[in-house]
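Asker: Dropping a structure here in structure tokens format, bear with me for questions.
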Amino acid sequence: MATLLPLLRQFFVQKELNPYLVGGIVRDALLHLNSTDIDLTVDGNALEVGKELSRALDAHYVVLDEPNRMVRLLPRSGPAWQIDLTSRYGSIAKDLARRDYSINAMAIDLTGIEQFDEIQSFNVLDTQNGVEDINNKTIRAISSDIFHHDPIRLLRGIRISYELGFSLENTTKTLMLRDHELITECAPERIREELLRIFDGTNTFEAVGTLKETGILSALIPELSPTYGLEQPSEHTWDVFLHSAHSISTLDYILRFSEWSFQQADILQNIPWDNSIKEYFEKTISPPSTRRILTKIAALLHDIGKPHTRLVNEGKIRFYGHPQEGAKTVLSVLERLRFSHSECKFVETIVREHLRPVQMSTENTSLTKKAVYRFKRDLEQTGIATLYFSLADHLATCGPNLEVNNWNWHVSIVRQLIDEYSKDTSNPISTKLLDGNTLLNELQLKPCKLIGLILEEISEAHADERINSREEALDFARELLRVKYQNKTNAE
């Protein structure tokens, strides 16, 4: 940042556009926090100025809001940074009065900065008492109509409060509750960006609670509303929504990101954890989402299918088929919020399969090699996230009433499956004995769907160690054709 700011200063001095640093970079400087996001307001048309600046910096140019003349510049390579450029309407004081929260309504004249390694508070133009609110750790709306000007401020205020550990002023929270429905007017791409940052934090559970309290969560995901207060079977400590919210915090606890209210000394003891697992969850799916962030989103949504599948039989509550029902709903929700295809698939798979790890065996039976093979085949790289979420789901079910023996059995299942993922390619489960071309040539078949069915059965038999060589696989395929697939062969 210390190298980028002088370049920006030089560019704008030559253009005579009176640039001011505003928003988060000023706030973070006063809090002595590092920031890679630069907000600038300038005289003139930011759309045109942004194009020139992008060429000067060899940066990507993205239009955020054409009517309001807002653009974003991103680096093509090298260190990550972000420049948001807006046109100033009138004086800088009027510009600051149009902003969202007092702690974001401070400015610094970029041309007046001589030392870029530290921005001192005496350089700050503070017309909205932002410095006082920083000292009081308060998020305060500048005016009563800030959400009408830009509804994304509803999410941004809550996100910033939990990022900084600040409190929402009571009047501001009341305004959020009054205007929460406005969030539906915001571009889904901007909503996605704010949600991902909220779920990247270590206090997402508390943030989700505030989103629910202000009505914003119901406006964004109305499909969640029927889970509020929905009663569960006796083994559950909380209702459906609170259980789902708690599973966010238990997941971060299991992933060593935060503490948990009901933690015990030996809960994490036998859960596999090393750099490879840590790196797995840090992997980016679609910037800026990571597997950890998406698994936490899956946690919030994993029981969204329960209201539509709830049955009460002889006084017992059941939710038959809720993972499958929930997966369909989740896909609809995420597509509406413009999550990418890979993000949608990742979350949908976890929701659909979240019960599968504990359904693969019982406390009196062991995992079969066929079950392991099918788990890895069906879930692929989502499998590890599903395993760790299943543990988080377990903790969020029991809460303070965790039964140690049952927990240890669940952990042992996860350990066995994680061990399978850690094996190299010489593992029979991941090694193919035959390919499609070999089957076509050896069995004198024409290309057809039958080849895929036979190859899948060969893979399962290999995983189950019923066959272990190419010759045995061919014999197995011939027997399948003779006994099981004779009619399909004739039809082809």
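Just so it is clear, none of the values below were taken in a lab; they were calculated from the coordinates. Fair warning: this is a prediction, and the values are worked out from it, not measured in the lab. Cβ placement follows ideal geometry from the backbone for every residue including glycine, while neighbour counts extend to all protein chains displayed.
Asker: Calculate for the chain the 222 nm mean residue ellipticity that helices alone would give, adding -39,500 (n - 2.57) per DSSP H run of length 4 or more and normalising by residue count, nearest 500 deg cm²/dmol. Walk me through the numbers on the way to the answer.
Answerer: On the way: 25 runs with 257 residues, N = 492.
Mean residue ellipticity at 222 nm (helix-derived): -15500 deg cm²/dmol.
Asker: When Lys and Arg each count +1 and Asp and Glu each count -1, what net charge do the other residues less than 14 Å away from residue 378, Cβ to Cβ, add up to? Can you show the working numbers first?
Answerer: Values: positive: 345, 352, 356, 370, 374, 376, 377; negative: 348, 353, 380, 420, 456, 460.
Value of the local net charge: +1.
Asker: A follow-up question, please. Could you work out the relative contact order of segment 230-422? I mean the mean sequence separation of Cα pairs under 8 Å and 6+ apart, divided by the number of residues, in percent. List each step's numbers first, then the result.
Answerer: Working: 226 pairs, mean separation 53.1, N = 193.
Once divided by the residue count of segment 230-422, the mean separation gives 28 percent.
Asker: Quote the FRET efficiency, to the nearest 0.05, computed for residue 47 versus residue 368 with a Förster distance R0 of 60 Å and r equal to the Cβ-Cβ distance.
Answerer: Result of the calculation: an efficiency of 0.45.
Asker: Let me ask something else about it. Pull up all non-local amide H partners of residue 20: gap of 5 or more, or a different chain, and H-to-H distance under 5 Å with H placed in the peptide plane.
Answerer: 41, 110
Asker: Would you list the P(r) distribution for segment 129-172, with all Cα-Cα distances sorted into 10 Å bins from 0 and each bin expressed as a whole %?
Answerer: The distribution over segment 129-172 is 28, 58, 14, given as percents.
Asker: List the GluC sites (Glu not before Pro) in segment 233-326 that DSSP assigns to loop (not H, G, I, E or B) and whose Cβ has at most 16 other Cβ atoms within 10 Å. Which are they? Write out the running numbers ahead of the final one.
Answerer: On the way: sites: 235, 259, 279, 282, 314, 325; in loops: 235, 259, 314.
In loop regions of segment 233-326 (DSSP not H, G, I, E or B), the sparsely surrounded GluC sites (Glu not before Pro) are 235, 259, 314.
Asker: Continuing with this model, one more query. What length, rounded to one decimal in nm, is gained on full extension from residue 94 through to residue 163, with 0.36 nm per residue of separation minus their alpha-carbon distance? Provide the component values of the computation, followed by the final result.
Answerer: Details: separation 69, 0.36 × 69 = 24.84 nm, distance 2.76 nm.
Roughly 22.1 nm would be gained on extension.
Asker: Given a Förster radius of 45 Å and the C-beta distance between residue 171 and residue 404 as r, what FRET efficiency does 1/(1 + (r/R0)^6) yield to the nearest 0.05?
Answerer: Working: r = 48 Å, r/R0 = 1.06.
Efficiency for this residue pair is about 0.40.
Asker: Now for a separate question. Would you mind telling me the antiparallel percentage of the DSSP bridges in the chain, rounded to 5? Walk me through the numbers on the way to the answer.
Answerer: Working: 25 of 33 bridges.
Close to 75 percent.
Asker: Under a 5 Å amide H to amide H cut-off, with H placed in plane at 1.01 Å, what residues pair with residue 70 once short-range neighbours are removed?
Answerer: 64, 65
Asker: Note the per residue figure in Å³ for the convex hull of the C-alpha positions in segment 230-422.
Answerer: Numbers: hull volume 23.5 nm³, N = 193.
About 122 Å³ per residue, rounded to a whole number.
Asker: So I have [x] 61, 39, 22; [y] 35, 27, 22; [z] 51, 29, 21, and one of them is semi-axes √(5λ) of the Cα gyration tensor in Å calculated from this model. Which one is it?
Answerer: Read-out taken from this structure: [z].
Asker: Continuing with this model, one more query. Considering only DSSP beta bridges with both partners in segment 1-135, what is the antiparallel share in %, to the nearest 5?
Answerer: Working: 18 of 24 bridges.
Around 75 percent antiparallel, to the nearest 5.
Asker: I've got another one for you. How would you order 43-55, 363-375 from highest to lowest mean count of nearby Cβ atoms within 10 Å? Before the final figure, lay out each step's value.
Answerer: Numbers: 43-55: 17.4, 363-375: 14.8.
The most tightly packed comes first, giving 43-55, 363-375.
Asker: Which FRET efficiency value, to the nearest 0.05, is calculated for residue 320 and residue 56 with the Förster distance at 45 angstrom and r the Cβ-Cβ distance?
Answerer: Details: r = 61 Å, r/R0 = 1.36.
My answer for the efficiency is 0.15.
Asker: Here's another thing I want to ask about it. List the aspartates and glutamates whose Cα lies under 14 Å from the Cα of residue 15, skipping any in the same chain that are fewer than 8 positions away.
Answerer: 43, 48, 52
Asker: Now for a different question. So what's segment 137-220 giving for Rg/Rh, alpha carbon basis, Kirkwood Rh from the mean inverse pair distance? Please report the intermediate quantities before stating the final value.
Answerer: Numbers: Rg = 11.5 Å, Rh = 12.5 Å.
My calculation of the ratio gives 0.92.
Asker: Could you name the aspartates and glutamates in cross-link range of residue 449, using Cα to Cα under 12 Å and dropping any fewer than eight places away on the same chain?
Answerer: Straight-distance partners of residue 449: 492.
Asker: Quick one: angle between helix 4-15 and the longest Cα principal axis of the chain, in degrees between 0 and 90, rounded to 10, please.
Answerer: Relative to the chain, helix 4-15 is tipped by roughly 50 degrees.
Asker: Give me a comma-separated list of calculated 3J(HN,Hα) values for segment 364-379, in order, Karplus coefficients 6.51, -1.76, 1.60 applied at θ = phi - 60°, integers in Hz, x for any Gly or Pro.
Answerer: Each residue of segment 364-379 in turn: 10, 10, 9, 5, 8, 5, 5, 5, 5, 4, 5, 4, 5, 5, 6, 9 Hz.
Asker: List the aspartates and glutamates whose Cα lies under 12 Å from the Cα of residue 306, skipping any in the same chain that are fewer than 8 positions away.
Answerer: Once the sequence-local aspartates and glutamates are set aside, what remains near residue 306 is 223, 231, 239, 325.
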